[in-house]
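Peer 1: This is the structure, below, for whatever I ask next.
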Amino acid sequence: MSLNPRIIDWRGKRVWIIGASSGIGAALAAAMGQRGARLAVSARREENLWDISGRETLVMPLDVTRMESLTRVRDELLNRWGGIDMVVYCAGVYTPMRSWELDLATVRQGLDTNLQGAYNMLDAVLPLYLQQAGGAFCLVASVAGYTGLPKALAYGPGKAALINLAQVLYTDLSAQGIDVYLVNPGFVETRLTEQNDFKMPALISAQQAAAEILKGLGQGRFEIHFPKRFTYWMKLLGCLPDRLRFPLLKRAVGS
């Protein structure tokens with residue numbers, strides 16, 4: 001995929017980051033703002049958005065599980081900007097969970113935010129992009145979607161579906177002048193990964209993650225995954241036959 005020239009130069013580009021209150025979203029907002037992008041930042045935690053916003057950044061709190069919340073912000077952005085060039089969807093929740101710890105309320109919360117919220121965003125923005133004959137979606141998933149991992153009972157399946165969704169969108173929308181990017185990070189230092197009680201290989205900072213995303217967007221890559229010293233191993237693990245993959249996973253968690 002060749003990068004659409006409209007988003008090579010970030011100066012003045014209208015970017016809406018959903019899930020920008022902390023972690024990768026906040027770091028990406030800071031990095032894009034430094035490059036001159038016109039930003040709108042959204043999340044449920046409004047107070048955190050003010051902490052990371054620049055002088056001209058629009059703070060637009062919302063709840064991705066509520067369709068009316070997304071359409072309200074979209075309409076306000078159209079009134080202010082006249083259009084949207086890119087939406088970055090990095091809203092996400094994570095609760096470590098093994099199979100015997102199944103909690104349906106937690107699973108529903110995860111799927112509502114990590115997956116259904118992305119569909120809600122698409123429903124709000126895609127008609128606009130089709131009318132504009134252009135725009136870009138950047139969906140932040142995870143290498144946890146590559147294969148079934150321990151402690152990812154509520155998280156991994158939603159991210160796997162998000163990866164599949166991005167692939168479908170790219171296939172359908174590239175001919176419409178709409179760019180689709182998929183981001184699959186490894187372990188990144190965020191409030192979510194602070195819950196992990198195991199060693200996280202190749203752990204990087206949120207700022208490093210933002211730099212990798214900007215680099216990938218600049219190269220026009222559909223899938224942006226990092227750090228590669230870890231993600232290539234995860235890709236290989238997902239390609240292994242079951243008789244090899246399952247014993248490796250069991251060994252990794254000591255069960």
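Peer 1: Test Ser42 against the criterion of being touching a residue at least 12 places away in the same chain (Cβ under 8 Å), in contact with a helix residue (DSSP H, G or I) (Cβ under 8 Å, 6 or more places away or on another chain), small (Gly, Ala, Ser) and open to solvent by 10 Å² or more (accessible area, probe 1.4 Å), and give yes or no.
Peer 2: no
Peer 1: Consider region 194-209. How many of its residues are under 17 Å from Phe230 (Cα atoms), outside any loop (DSSP other than H, G, I, E, B) and either among the acidic types (Asp, Glu) or touching a residue at least 24 places away in the same chain (Cβ under 8 Å) (or both)?
Peer 2: Residues in region 194-209 being under 17 Å from Phe230 (Cα atoms), outside any loop (DSSP other than H, G, I, E, B) and either among the acidic types (Asp, Glu) or touching a residue at least 24 places away in the same chain (Cβ under 8 Å) (or both): 2 in total.
Peer 1: Could you list all residues from region 90-105 that are over 24 Å from Lys199 (Cβ atoms) and in a helix (DSSP H, G or I)?
Peer 2: Answer for region 90-105, where residues must be over 24 Å from Lys199 (Cβ atoms) and in a helix (DSSP H, G or I): Leu104, Ala105.
Peer 1: Okay, moving on. Take residues that are in contact with a Leu (Cβ under 7 Å, 6 or more places away or on another chain) and under 18 Å from Ser205 (Cα atoms) and tell me which of the helices (runs of 4 or more DSSP H) falling wholly in region 21-81 contain 2 or more. Steps first, answer last, please.
Peer 2: Working: elements: 23-34, 46-52, 67-81.
Those helices (runs of 4 or more DSSP H) span 23-34.
Peer 1: Quick one: what pairs do we get from region 231-252, first residue without any contact (Cβ under 8 Å) to a residue 40 or more places away in the chain and over 18 Å from Leu203 (Cβ atoms), second charged (D, E, K, R) and part of a helix (DSSP H, G or I), C-beta under 9 Å, 6+ apart or different chains?
Peer 2: Short answer, once both residue conditions are applied: Cys239/Arg245.
Conditions (1) out of contact with any helix residue (DSSP H, G or I) (no Cβ under 6 Å at 6 or more places or on another chain); (2) open to solvent by 50 Å² or more (accessible area, probe 1.4 Å); (3) without any contact (Cβ under 8 Å) to a residue 24 or more places away in the chain; (4) aliphatic (A, V, I, L, M), marked per residue:
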| position | (1), (2), (3), (4) |
| --- | --- |
| Val59 | no, no, yes, yes |
| Glu76 | yes, yes, yes, no |
| Ala91 | no, no, no, yes |
| Gln116 | yes, yes, no, no |
| Leu122 | yes, no, no, yes |
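Peer 1: May I pose another question? Name the residue, out of Thr95, Thr65, Thr106, that is of a type in the set (Ser, Thr, Tyr), open to solvent by 50 Å² or more (accessible area, probe 1.4 Å), under 26 Å from Gly145 (Cα atoms) and modelled with pLDDT of 95 or more.
Peer 2: Working: Thr95 fails: modelled with pLDDT of 95 or more; Thr106 fails: open to solvent by 50 Å² or more (accessible area, probe 1.4 Å).
Checking each option against the conditions leaves just Thr65.
Peer 1: Please determine whether any residue of region 128-149 is of a type outside the set (A, V, I, L, M), in contact with a helix residue (DSSP H, G or I) (Cβ under 8 Å, 6 or more places away or on another chain), crowded, with 20+ Cβ neighbours inside 10 Å and assigned to a loop (DSSP other than H, G, I, E, B).
Peer 2: Checked against the condition, which is being of a type outside the set (A, V, I, L, M), in contact with a helix residue (DSSP H, G or I) (Cβ under 8 Å, 6 or more places away or on another chain), crowded, with 20+ Cβ neighbours inside 10 Å and assigned to a loop (DSSP other than H, G, I, E, B), region 128-149 yields at least one hit.
Peer 1: Any idea which residue in region 206-255 is modelled with the lowest pLDDT, counting only those that are surrounded by fewer than 14 Cβ atoms within 10 Å (Cβ to Cβ) and of a type in the set (S, T, N, Q)?
Peer 2: Going through the qualifying residues, I end up with Ser255.
Peer 1: Another question, then. State the number of residues belonging to region 158-188 that are touching a residue at least 40 places away in the same chain (Cβ under 8 Å), farther than 15 Å from Tyr119 by Cα and open to solvent by 40 Å² or more (accessible area, probe 1.4 Å).
Peer 2: 3
Peer 1: For Asp85, only one of the following conditions fails: (1) charged (D, E, K, R); (2) over 22 Å from Ile213 (Cα atoms); (3) within 17 Å of the chain's Cα centre (by Cα). What is its number?
Peer 2: (2)
The values are calculated or read from the model by the stated rules, or taken from the named source; none is laboratory data. In this text, all values refer to a predicted model and were calculated from it rather than measured experimentally. Neighbour counts run over all protein chains shown; Cβ positions are idealised from the backbone, glycine included. Side chains are part of the model used for accessible areas, which takes the heavy atoms of the whole protein and leaves out ligands, DNA and RNA. Shrake-Rupley method; radii C 1.70, N 1.55, O 1.52, S 1.80 Å.
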